[in-house]
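Down below is the structure, laid out as structure tokens.
The values are calculated or read from the model by the stated rules, or taken from the named source; none is laboratory data. Please read all numbers here as calculations on a predicted model, not as lab measurements. Note that we place each Cβ from the backbone using ideal geometry, even for glycine, and neighbour counts take in every protein chain shown. Only protein heavy atoms, including side chains, enter the accessible area calculation; ligands, DNA and RNA are left aside. Shrake-Rupley method; radii C 1.70, N 1.55, O 1.52, S 1.80 Å.
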Amino acid sequence: MAMDNFNPQFSKIGEILVHEGLIDEKQVDAALAEQKESKEKIGRILIKHGAITEDDFVKAYALQLGTEYVLEEELLKSKEEFVKLLPEDFAVENLVVAMNKTDSTIIVAMDDPEDLATLDTIRKITRLTPDPKVAGITAINRTIDKVYSRIRQTDEVEDAISNLSIISGDDDNQQELDLSTEEVSADQAPFVKLVNLIIMEAIKEDSTDIHIEPGRDEVTVRIRIDGVLTKIMSPPISSHSGLVARVKILSRLNIAEHRLPQDGRMKIRTATRDIDVRVSVLPTIFGEKVVLRLLGFGGKKMSLNNLGFTDDKLKVFRKWITQPYGMLLLSGPTGCGKSTTLYASLLEIQDEGTNITTVEDPVEYQIPGINQVQMHEEIGLTFAASLRSILRQDPDVLLIGEIRDSETADIAVKFSLTGHLVFSTVHANDAPSTITRLLDIGIPPFLLGSSLNLVMAQRLVRVICSHCKEAYTPSKAELERLGMPDEMVKETTFYHGKGCSHCRYTGYRGRTAIHEILEVTQPVRKLIFDNVNENLIKEKSIEQGMTPLREAGFVKVMEGITTPYEVMRSTVEDV
């Protein structure tokens with residue numbers, strides 16, 4: 001193949017790639033032979049076999065056409081205001097992205113800049129003259145997926161603001177603000193809109209927390225989706241004081257105090273749900289960090305059937321929540337779904353003949369037909385003070401938000417021993433250590449052993465996104481860290497999510513629970529009476545059928561629900 005006076009615009013793609021030193025003539029011949037069978041373009045064949053990258057092909061194609069090329073990194077930076085000049089369905093069908101425009105032209109990235117029909121349609125849609133650049137198919141598809149997703153989200157958020165109002169302040173002095181019509185000063189208007197957008201984005205993504213964090217040069221706004229913080233925007237540091245002031249105004253905090261932590265609350269009202277928001281302001285070296293905790297279950301139906309229980313564990317759990325008396329405890333860290341499981345349990349046993357009362361701080365979900373008491377420690381309404389009065393309210397079932405001290409624990413135990421069914425939570429690492437924790441608080445072993453019916457430890461693991469789920473082979477190191485037995489590994493097809501617009505490119509969408517259920521049978525009760533080491537309680541419980549948390553995670557991996565990484569992130573290996 002002669003290379004003297006080489007002119008790429010009069011050469012074939014294969015010749016250009018050889019001239020650029022990216023492949024040799026044997027690879028071109030092999031690709032041409034395959035092309036005769038598959039009728040596929042030679043560039044796609046070479047990319048498929050790994051002979052060249054898509055960027056290599058794009059550069060060569062641009063040389064052949066005598067036009068400019070654009071690579072994925074630059075294409076992803078396309079501004080939404082230009083991208084949305086072309087309808088999404090048209091962009092997907094014709095593999096084109098609008099990147100920029102002038103008064104008379106529109107710059108577009110295409111996989112085939114010689115597609116005259118598409119160029120003519122772009123001219124008709126935009127009334128601008130197309131200026132096409134070459135881009136790879138993969139880069140175009142990723143850009144379409146990502147940028148149009150952002151455009152849809154922004155449009156949805158803007159539309160939703162008209163249905164959003166905030167009830168600011170405390171319970172005694174609440175004021176509802178309709179955010180679409182609220183009158184504010186011109187200086188505050190941008191911050192009002194920015195806070196509204198942040199809140200609506202968090203609600204739309206079903207987030208549990210919003211973090212507004214000042215840095216040296218910018219503010220980072222993150223929301224917690226499926227238990228993991230995700231960055232959604234980075235406003236300039238100049239916007240920080242306005243953002244914090246707006247949140248403080250809404251939650252009735254002191255906007256002049258910047259040195260001390262402050263706690264407040266507000267309620268957000270949308271067309272479909274009410275959300276109680278707890279606000280925490282904490283001074284840091286770069287300014288005040290604000291965290292908003294969003295409490296409320298939204299439109300989802302709370303039921304034990306959709307909380308991740310396996311059939312055998314659900315049968316055991318249901319057996320104990322229908323007992324006439326005794327104590328059921330859930331353990332785990334903050335945000336592991338304990339409250340959701342307890343509320344679903346109350347809904348299942350709720351009926352006209354049962355008086356159910358709860359004592360909580362805060363009341364996370366409001367349930368009709370259940371008497372819910374909100375703590376106010378500042379006026380002396382503590383768990384212990386409430387519980388002493390509630391006994392005179394003739395309850396059948398009692399939910400105590402958390403056992404955190406000996407006085408609350410003592411009342412809970414005595415309730416369960418006097419014919420009441422008691423639900424509560426304890427912060428502990430697993431089910432056996434929950435028993436140890438209660439003994440450490442000061443409950444006598446004979447009382448704890450007599451009152452306790454069941455202890456369940458719970459964790460949440462993210463579910464693989466159904467839109468981008470694919471099989472993969474985990475590395476040897478990953479399997480060793482996971483600790484899954486070899487026989488389980490052989491029977492398992494491992495899956496993960498490759499990332500798409502539906503899951504914000506995380507590979508996960510939604511969460512499910514894994515459970516460790518310890519039934520307090522007579523042998524376990526005797527061990528508690530004897531105040532033995534928690535390891536002996538654990539051994540006896542496993543002998544009687546308890547599945548440790550890590551092993552419960554193995555089941556979710558084998559079912560293709562989650563990944564080894566998630567199980568390792570949420571549980572510790574049993575040693």
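Here are some notes:
- Förster radius 35 Å - calculated FRET efficiency between Ser475 and Glu25 (Cβ-Cβ, nearest 0.05): 0.40
- Zero-based 10 Å bins, Cα pair distances in the chain, whole percents: 3, 13, 19, 21, 18, 12, 8, 5, 1, 0, 0
- Links that overshoot a 28 Å alpha carbon limit, given the list Lys476/Lys556; Lys313/Lys476; Lys319/Lys414: Lys313/Lys476
- Placing R0 at 45 angstrom, the Cβ-Cβ distance between Phe529 and Arg216 gives a FRET efficiency of 0.20 after rounding to 0.05.
- The accessible surface of the chain, taken with every protein chain in place and a 1.4 Å probe, is 49 percent carbon and sulfur.
- Cross-link reach list, lysines versus Lys77, counting only Cα pairs under 28 Å and skipping chain neighbours closer than eight places: Lys48, Lys59, Lys101, Lys124, Lys133, Lys146, Lys193, Lys204, Lys231, Lys469, Lys498
- Relative contact order (%) - criterion: Cα under 8 Å, at least six apart; region: the chain: 8 percent
- Annotation note: GluC sites (Glu not before Pro) in segment 46-79 located in DSSP loop regions with a Cβ neighbour count of at most 14 within 10 Å are Glu68.
- Ordered from largest to smallest accessible area (heavy atoms of protein chains, 1.4 Å probe), the residues Asp351, Asp56 come out as Asp351, Asp56.
- Applying both filters, DSSP loop and at most 12 other Cβ atoms within 10 Å, to the trypsin sites (Lys or Arg not before Pro) of segment 21-104 gives Lys39, Lys77, Lys79.
- Unpartnered cysteines - no second Cys beta carbon under 4.7 Å - across the chain: Cys336
- 20 °C / 1.002 mPa s Stokes-Einstein diffusion coefficient of segment 1-153, Kirkwood radius on C-alpha pairs, µm²/s: 130 µm²/s
- Between helix 431-441 and the chain there is an angle of about 50 degrees, using the helix long axis and the longest principal axis of the Cα atoms.
- Relative to the longest principal axis of the Cα atoms of the chain, the long axis of helix 240-250 makes an angle of roughly 40 degrees.
- Angle between the chain longest axis and helix 549-558 axis [Cα atoms, degrees, rounded to 10]: 40 degrees
- Considering only the chain, percent of DSSP beta bridges that pair antiparallel, nearest 5: 65 percent
- Efficiency of FRET between Leu381 and Glu543 - r from beta-carbon atoms, R0 41 angstrom, step 0.05: 0.40
- Charge sum, other residues only, whose C-beta stays under 13 Å from Phe423's C-beta, Lys/Arg counted +1 and Asp/Glu -1: -3
- Share, in percent, of DSSP beta bridges within segment 337-441 that are antiparallel, nearest 5: 10 percent
- Span from the segment 337-371 Cα centroid across to the segment 113-127 one, whole angstrom: 60 Å
- Using distinct alpha-carbon pairs, which all enter the 1/r mean, Kirkwood radius of segment 287-338 in Å: 14.4 Å
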